[in-house]
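Below is one structure, written out as structure tokens; the observations come after it.
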Amino acid sequence: MFSFLRRRNALPSAGPSPCGYLQPAHSQDLLSSSRRQKLLENIWQRASLSRQQFSELYRRPLERFAELVQQLPASENHHHAHPGGMLDHGLEIVAYALKIRQTYLLPIGAPPESQSAQAEAWSAAAAYGALIHDLGKIAVDVQVELEGGKTWHPWHGPISRPYRFRYVKGRNYQLHGAAAALIYSQILTPNLLDWLSGFPELWSQLIFILAGQYEHAGILGEIVIKADQASVAQELGGNPERALAAPKQSLQRQLAEGLRYLVREKYKLNHPDGPADGWLAQDALWLVSKPTADQLRAYLLAQGIEGIPSSNAPFFNMLQDQGVIQTNAQDKAIWKATIDNGRGWRNTLTVLKLSPSLIWPDAKDRPTGYTGTLELEEAGAPAEETVAGQPGPQIDSPAEIEDAAPFPTAHTNTPATTPQVSTNRDNEVDELLALFGNITSTSEELDTSQGSATAAPTPKERNALPQEPFETDDGSPAYIEDKGMMPSSTNELGQGFVDWLRTGIASRRIIINDTKALVHTVAGTAMLVTPGIFKRFVQEFPAIEQQAKVQQTNAWQLVQRSFEKQKLHRKTDKSLNIWTCDVVGPRKSKQLRGYLLRDPHTIFAEVPFDNVSLTLKTEAAGAE
């Protein structure tokens, strides 16, 4: 077993508790139970270190944590509310964090040799962030009184006298996240902090965790949150594997896999005679920004992944935050570049910069670099980069251009593998849908807590119909791989939407009866939330925007009108298309609008139970 290292000022062993006071205990005694020993062994195995290294990086911080939290619980009435619950939760969350960390290659986009060199530091940072994330509770949630009446504060160091505690009434439940910054130095020594501070990306994320600002903590924040969910689920009788499932298909990994698929299987790189989807340099891969965003978003949508922004500006921010693209000198995602093939074709574009190792981990698999030149404009002054390492001609500074695709791409459709993104629904609908959570469903229905349950159809399965061209803005042909998704007639577009809906529900890429769902069951049939469901369709197939521009309308409205012409929906008593549902939540009731299908089997193989939180109104919704 582990060798325990005692401090010079040893704490007394646990003993009888006079007058309701608890005796402080050594870390050796606190960690001696069979369950805690097994957790320590699990942590050691996942850390993959020698016993000596493990003792320095993990065992000693855990001992300091144990002696600081003693028998304090992790909460008053929620998870790990028993004596010693804080210590149990700390050990569990470290074990889960290390398990989740194994699903990442960190830092994202770095060369494999750099990821290998930083591996131990990222693992330790994930463990430390997890261990400390609830530590602030002992500073602000509980009041600890030492024998004799003196109040103990954790910044004084470990409890050395008999103690008792009580929860603070009227406490601020959001404060403990930031309060960890008061006492983390009791756990992490200067030597450990010196070591971690040598990795800038890791260090900044860990600082945000220590300050309780998980929204800025990047990958480390995601690991800690998921580990916490797994530990809490286990304690409350839930299934911790659910909480661990998401990191295996984390947003970071989905973005990387989506880009890898597009570049390897779809994109035209380094075209010598004109436009392409991207250009490979010796140290960077440059992809045209808007087509890449549109197609990557569509890829993610087909996977049923949540949280993907529907507009490009926040989508670029997300790519930046997840570390899959490299930023310019102003810490922005978008670069401006002029590409010149040296034979008469040259264009100024907005591009994204990626590490080639993200797409081709093995350098031997990379294609030959571009033989032309790529000139960057950054901080107002262009700096030339020769894409293939060959000098190119000097050109004038590129003019300001819009963030739009300057040439047609032949890859307007994307594979069925993406996240379910929130659409541009109005704030009221978002608020309404957030009111209801657990929905009664059949056993065959989607597990909505996961967002998706089964694998999406493969691109081959979806491309059963022949390719048909349509015209882009400059009149040149582009293609979409599924005839039904970009048809030549309104009728085909409407039928394509219905087919997509049916397939998406069957494959569980489109969720139903969930707080963010765009399809619900009510009054024995299906309700399609408008305009959200039509916007979702357009996001997955951005090529429809081209046809909508020709008709001078919004793409989602074009799909909506095409659906209406299928005459698959019921009319209200006033012969209107849109119905209204009352959404009954725990504190208030609102309304939701959409189409009701005449026959629910139009999209359902087996009709689920009605959503118990929705009630159909007999009157029409009003103006459409």
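Looking for whichever is at pLDDT below 85, farther than 30 Å from residue 116 by Cβ and not in a strand (DSSP E or B) here; the options are 309, 361. Which one fits?
After applying the criteria, what remains is 309.
Which ones in the stretch 509-540 are touching an Asp or Glu at 6+ places or on another chain (Cβ under 8 Å), outside any helix (DSSP H, G or I) and not polar (S, T, N, Q)?
Residues satisfying the conditions are 512, 516, 522, 523, 524.
Would you confirm, using the coordinates I've provided, whether residue 588 is surrounded by fewer than 19 Cβ atoms within 10 Å (Cβ to Cβ), at pLDDT 85 or above, more than 15 Å from residue 531 (Cα to Cα) and of a type in the set (Lys, Arg)?
Judged against the criteria, residue 588 is not a match.
Considering every residue within the stretch 195-212, establish whether at least one is assigned by TED's automatic domain parsing to the domain that holds residue 121, touching a Leu at 6+ places or on another chain (Cβ under 8 Å), closer than 30 Å to residue 150 by Cβ and not in a helix (DSSP H, G or I).
no
Within the stretch 370-381, identify whether any single residue is in contact with a Leu (Cβ under 6 Å, 6 or more places away or on another chain), among the charged types (D, E, K, R) and at pLDDT below 75, and answer yes or no.
no
I need every pair where a residue in the stretch 530-547 that is at positive phi and assigned by TED's automatic domain parsing to the domain that holds residue 296 has its Cβ under 8 Å from the Cβ of a residue that is modelled with pLDDT of 90 or more and crowded, with 24+ Cβ neighbours inside 10 Å, sequence separation at least 6 or different chains.
none
Answer yes or no: is there a residue in the stretch 166-174 that is modelled with pLDDT of 90 or more and polar (S, T, N, Q).
No, every residue in the stretch 166-174 fails to be modelled with pLDDT of 90 or more and polar (S, T, N, Q).
Quick grid of which residues meet (1) at pLDDT 80 or above; (2) within 21 Å of residue 260 (Cβ to Cβ):
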position: 351; (1), (2): yes, yes
position: 366; (1), (2): yes, yes
position: 400; (1), (2): no, no
position: 414; (1), (2): no, yes
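Please go through the stretch 94-144 and give me each residue that is hydroxyl-bearing (Ser, Thr, Tyr) and buried (at least 19 other Cβ atoms within 10 Å of the Cβ), ordered by number.
Passing the criteria: 96, 104, 123, 128.
Residues that are more than 26 Å from residue 171 (Cα to Cα) and in contact with a Phe, Trp or Tyr (Cβ under 6 Å, 6 or more places away or on another chain): does the stretch 84-106 have at least one?
The answer is yes; a qualifying residue exists.
Pick out the one residue from 289, 357 that is on the phi < 0 side of the Ramachandran plot, of a type in the set (S, T, N, Q), in contact (Cβ under 8 Å) with a residue 60 or more places away in the chain and surrounded by fewer than 22 Cβ atoms within 10 Å (Cβ to Cβ).
357
Just to verify a result, which residue in the stretch 17-43, among those that are surrounded by fewer than 20 Cβ atoms within 10 Å (Cβ to Cβ) and assigned to a loop (DSSP other than H, G, I, E, B), is modelled with the lowest pLDDT?
So, considering only residues that are surrounded by fewer than 20 Cβ atoms within 10 Å (Cβ to Cβ) and assigned to a loop (DSSP other than H, G, I, E, B), the one modelled with the lowest pLDDT is 17.
Do you know which residues across the stretch 44-91 are of a type in the set (D, E, K, R), within 30 Å of the chain's Cα centre (by Cα) and either modelled with pLDDT under 90 or not assigned by TED's automatic domain parsing to the domain that holds residue 26 (or both)?
Result: 46, single match.
Return a yes/no flag: does the stretch 100-113 have any residue that is more than 28 Å from residue 320 (Cβ to Cβ) and out of contact with any helix residue (DSSP H, G or I) (no Cβ under 6 Å at 6 or more places or on another chain).
No, the conditions are met nowhere in the stretch 100-113.
Under the condition of being outside any helix (DSSP H, G or I) and aliphatic (A, V, I, L, M), which residue from the stretch 47-93 is surrounded by the most Cβ atoms within 10 Å (Cβ to Cβ)?
74
Looking at this structure, is residue 32 without any contact (Cβ under 8 Å) to a residue 24 or more places away in the chain and more than 33 Å from the chain's Cα centre (by Cα)?
Yes: the conditions hold for residue 32.
The values are calculated or read from the model by the stated rules, or taken from the named source; none is laboratory data. As the structure is a computational prediction, the values presented were derived from the model and not from experiment. All Cβ positions, even for glycine, are placed from backbone atoms using ideal geometry, and neighbour counts span all protein chains on display.
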